[in-house]
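Participant: Before anything else, here's the structure in question.
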Amino acid sequence: MKLFILGAIIIIIIAVVLYLLLSYLMNVFSHLEEKREILSKAKESKRKQKLMEAELKTRQRILEEQIRAKVGMFYPMGEIRRLENELEQVNQTLDEIKNGGNI
């Protein structure tokens, strides 16, 4: 009977130790997964920011070309001002991106 009680106590102690060990390991691995997820989101955000910057630079070049062409052809000033305002907005957005600001 003493041997049975001693065996039961040892099994309970081993079960508790295994539970604590597995709980710790689950906690560690969940933190690693969260870290990977955060890094992945940061990379995705950086990639989207670079794509947006490239699109804005392309739009900037197109607007500059349109303004030059329309000034040379004597288009109405309202149209030219609209393009200049749009170009100014694109330039401001590019400056915000370059200075690390979010849009």
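Participant: Say whether the condition of being among the charged types (D, E, K, R), part of a helix (DSSP H, G or I), modelled with pLDDT under 95 and more than 29 Å from the chain's Cα centre (by Cα) is met by at least one residue in the range 2-21.
Facilitator: If we filter the range 2-21 for residues that are among the charged types (D, E, K, R), which is where we start, we get 2.
Now drop any that are not part of a helix (DSSP H, G or I), which leaves 2.
This time we only want the ones that are modelled with pLDDT under 95, so: 2.
Of the ones still in play, those that are also more than 29 Å from the chain's Cα centre (by Cα) are 2.
Yes, the range 2-21 contains a residue that is among the charged types (D, E, K, R), part of a helix (DSSP H, G or I), modelled with pLDDT under 95 and more than 29 Å from the chain's Cα centre (by Cα).
Participant: How do the pairs read when you match residues in the range 56-76 that are farther than 22 Å from Asp95 by Cα and assigned to a helix (DSSP H, G or I) with residues anywhere that are at pLDDT 85 or above and of a type in the set (Lys, Arg), using Cβ under 6 Å and keeping only pairs 6 or more apart or on different chains?
Facilitator: none
The values are calculated or read from the model by the stated rules, or taken from the named source; none is laboratory data. All figures in this text were calculated on a predicted structure; none of them were measured in a lab. With ideal geometry, Cβ positions are generated from the backbone for all residues, glycine too; neighbour counts draw on all protein chains shown.
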